[in-house]
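Worksheet: one structure, shown below.
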Amino acid sequence: QAAAGGGRAAPRACGVHNVCRLLTRRAHGFYARDAGVAHRKNLGLLRKIMCQESTKFKNVWTTHSASPIAYERGRIYMDNYQCCISSIAQEPRILYQKSKCAKSEKIEDALLLECPLGEMLPSPSDYKASLIVLTVQNWLLRLSADSGEVLEKVYLAGSCCKFFRYLSWDTPQEVMVVKSAQNKLPAAARQAGIQQTVLFYLAVFQVLPLSFIGMLEINKKIFGNSVTDVAVSNGILIVMYSMGLVRLYNFKAILEEFMEQPFDLGQEFNWNGQVGVVGKYPFGLPCNIKITDTPPLLFEASSLENAFQIGGYPWHYIITPNKKKHKGVFHICSLKDNALAKNGIQDMKCCSLEPDWIYFHPDMSGRIIHVGPNLIKVLKLKEVKNHADQMEIAEDFTIVANRENCVNNTVTVTASGRVVKKRFTSLDDDPEQETFKIVDYEDELDLLSTVAVTQIGADGRAHLDFHCNEHGILLKSIPLKESWDVTYSHEVYFDKDLVLHIEQKPNRRFSCYVYQMVCDTAKDDD
């Protein structure tokens, strides 16, 4: 039909009405005018180029700082977000540099805000990336990601709360939550017998355009005395307790049921005897969501250190039994009926200083990644044969650390012929053996990245490996030039053709190493 029509793309109405078939045909490039087709082809080409043997990653820039260094989508932030450096150019360059801010203007937390696709926005500046920051004085600012210009500002704290500290996404790039530090009375007030019932405040915003949804309090009288933390994610209010209990509530239902009165930013209000403007100093935001009764409980589980994750298909959750002796043991259970999956107890039996960790794969495949010192397991959920209502955990693939030269004999013979028996064996994460430290996923290139480290004496060497996300095959290995000390804190970002390593040394000394892809068949010492 396309040939007969002079090269026109076949319309979707030509007999294909099944969604799965439409998505498959689109992925294969049947709709040549689809904006995503060219982008997917370009990323496929970039992946092939990146994994070629002749492609190298060169350390193009290094910097050091006395303040934390952060990275977000091609931008390096330094000096408490006062300096922004683009890492996309051939050599990183400064996008903007602000004068040093006062302690009262210190930024506590930040989120990168990107323009949603296919939506009409009220301001031209909304179509460009911006940075939402939270200051120590409870100001919420929206800054231009390229210039640092203040685009919007909201004052958060009225009479109810003075310590907002954390930013997070409820729905990524759509609904944002600002959380206070835990409310604690001064020692003198506690000695005087004054009771503090409000533990946390949560302010909820819709973003782009920035609009106020509501503020609520987490109160002991409603949720209990032993609450230690609270979070909101994907429409779920998650409440954590000191004894390892985790409870889930429907956050959207809470907003709808207990909202006393909606307010808009910039709206004049008269609330509980206060007259002011919403989001303006000194009134801030009204606490307009009052939970007067315990909301219906969706789910609860008990887990060591409140560790609790939901994912997979059908829905499953991961916990560690709530006893210290079970640390490092993970149970994978059905969210529907709490049934333990077949082979659902995962235990690497590691003898290591740092524990292994487990999480649902961020590629939305429903798989599970379990990382130990020398082994990475990618697991999948599948139906038990002849039992369609029961799921089992099966191994999809494994990645093993290179420890070919590792010899760990418990019995050795000296030159004189004396037999010596060791009373202990080395740890699984012994620095002198190659050990996995970081595992990440690059969604645009569909690559699984791992950082493995070997440290002999004071000199540690690390390499970043790219693996096929589908089968785990090693496609590329990149040695990092700088020494890696396993006692320091490290972050490694792999973002398309860029690798960035941030290191935190003792006494608040920070270093940043930037690597960029170089395609050159000639031999180069760099």
- Among the numbered conditions (1) exposed (fewer than 12 other Cβ atoms within 10 Å of the Cβ); (2) of a type in the set (A, V, I, L, M, F, W, C); (3) not in a helix (DSSP H, G or I), tell me where residue 45 comes up short. (3)
- Take the residues in region 207-217 that are out of contact with any strand residue (DSSP E or B) (no Cβ under 6 Å at 6 or more places or on another chain) and not hydrophobic (A, V, I, L, M, F, W, C), then tell me which one is nearest to residue 287 (Cα to Cα). 211
- Selection within region 365-386 - within 14 Å of residue 344 (Cα to Cα) and under 22 Å from the mean Cα position of the chain (by Cα): 367, 368, 369, 370, 377, 378, 379, 380
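Suppose we keep only residues that are open to solvent by 70 Å² or more (accessible area, probe 1.4 Å) and in contact with a strand residue (DSSP E or B) (Cβ under 7 Å, 6 or more places away or on another chain) within region 363-389. Which one would you say is nearest to residue 403 (Cα to Cα)? Spell out the reasoning first.
Taking region 363-389 as the starting set, the residues that turn out to be open to solvent by 70 Å² or more (accessible area, probe 1.4 Å) are 364, 380, 382-383, 385-389.
Narrowing the set further to residues that are in contact with a strand residue (DSSP E or B) (Cβ under 7 Å, 6 or more places away or on another chain) leaves 380, 382-383.
Numbers: 380: 26, 382: 32, 383: 35 Å.
Among those that are open to solvent by 70 Å² or more (accessible area, probe 1.4 Å) and in contact with a strand residue (DSSP E or B) (Cβ under 7 Å, 6 or more places away or on another chain), it is 380.
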- Among (1) out of contact with any Lys or Arg (no Cβ under 7 Å at 6 or more places or on another chain); (2) of a type in the set (Val, Ile, Thr); (3) at pLDDT 90 or above; (4) surrounded by fewer than 13 Cβ atoms within 10 Å (Cβ to Cβ) - the single one residue 413 does not satisfy: (3)
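How many residues are under 30 Å from residue 433 (Cα atoms), touching a Cys at 6+ places or on another chain (Cβ under 9 Å) and part of a strand (DSSP E or B) when one looks only at region 340-360? It would help to see each step written out before you state the result.
So the first thing to find is which residues in region 340-360 are under 30 Å from residue 433 (Cα atoms), and the list is 343-360.
Then keep just the ones that are touching a Cys at 6+ places or on another chain (Cβ under 9 Å); that gives 344, 356.
With part of a strand (DSSP E or B) added as a condition, the list becomes 344.
The qualifying residues number 1.
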- Of the residues in region 187-197 that are part of a loop (DSSP other than H, G, I, E, B) and without any contact (Cβ under 8 Å) to a residue 12 or more places away in the chain, the one that is least open to solvent (accessible area, probe 1.4 Å) is 193
- Query: In region 232-251, which residues are open to solvent by 40 Å² or more (accessible area, probe 1.4 Å) and not in a strand (DSSP E or B)?
  - Reply: 234, 242, 243
- Message: Which condition from (1) closer than 20 Å to residue 468 by Cα; (2) surrounded by 14 or more Cβ atoms within 10 Å (Cβ to Cβ) is the one that residue 329 breaks?
- Response: (1)
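Here's the yes/no breakdown for (1) touching a Gly at 6+ places or on another chain (Cβ under 6 Å); (2) open to solvent by less than 20 Å² (accessible area, probe 1.4 Å); (3) modelled with pLDDT of 95 or more; (4) part of a strand (DSSP E or B):
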{"position": "179", "(1), (2), (3), (4)": "no, no, yes, yes"}
{"position": "185", "(1), (2), (3), (4)": "no, no, no, no"}
{"position": "199", "(1), (2), (3), (4)": "no, yes, no, yes"}
{"position": "205", "(1), (2), (3), (4)": "no, yes, yes, yes"}
{"position": "222", "(1), (2), (3), (4)": "no, no, yes, no"}
{"position": "225", "(1), (2), (3), (4)": "no, no, no, no"}
{"position": "230", "(1), (2), (3), (4)": "no, yes, yes, yes"}
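Scan 363, 337 and give me the residue that is free of Cβ contacts under 8 Å to residues at least 12 places away in the same chain and assigned to a loop (DSSP other than H, G, I, E, B).
Numbers: 363 fails: free of Cβ contacts under 8 Å to residues at least 12 places away in the same chain.
Residue meeting the stated conditions: 337.
Answer yes if at least one residue in region 276-296 is among the charged types (D, E, K, R), open to solvent by 90 Å² or more (accessible area, probe 1.4 Å), in contact with a strand residue (DSSP E or B) (Cβ under 7 Å, 6 or more places away or on another chain) and farther than 30 Å from residue 379 by Cα, and no otherwise. It would help to see each step written out before you state the result.
Taking region 276-296 first, the residues among the charged types (D, E, K, R) are 280, 290, 293.
Now restrict to residues that are open to solvent by 90 Å² or more (accessible area, probe 1.4 Å): 280, 293.
Now narrow it down to the ones that are in contact with a strand residue (DSSP E or B) (Cβ under 7 Å, 6 or more places away or on another chain): 280.
Narrowing further to those that are farther than 30 Å from residue 379 by Cα: 280.
For region 276-296, residues among the charged types (D, E, K, R), open to solvent by 90 Å² or more (accessible area, probe 1.4 Å), in contact with a strand residue (DSSP E or B) (Cβ under 7 Å, 6 or more places away or on another chain) and farther than 30 Å from residue 379 by Cα: present.
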- Query: So which residues in region 250-281 are touching a Phe, Trp or Tyr at 6+ places or on another chain (Cβ under 7 Å) and under 14 Å from residue 211 (Cβ atoms), if there are any at all?
  - Reply: 263, 264, 265, 278, 279
- Just wondering, is there one or more residues in region 434-451 that are at pLDDT below 90 and open to solvent by less than 60 Å² (accessible area, probe 1.4 Å)? no
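The values are calculated or read from the model by the stated rules, or taken from the named source; none is laboratory data. Fair warning: this is a prediction, and the values are worked out from it, not measured in the lab. Glycine gets a Cβ as well: all are built from the backbone with ideal geometry, and neighbour counts include every protein chain shown. Note: areas computed on protein heavy atoms with side chains; ligands, DNA, RNA excluded. Shrake-Rupley method; radii C 1.70, N 1.55, O 1.52, S 1.80 Å.
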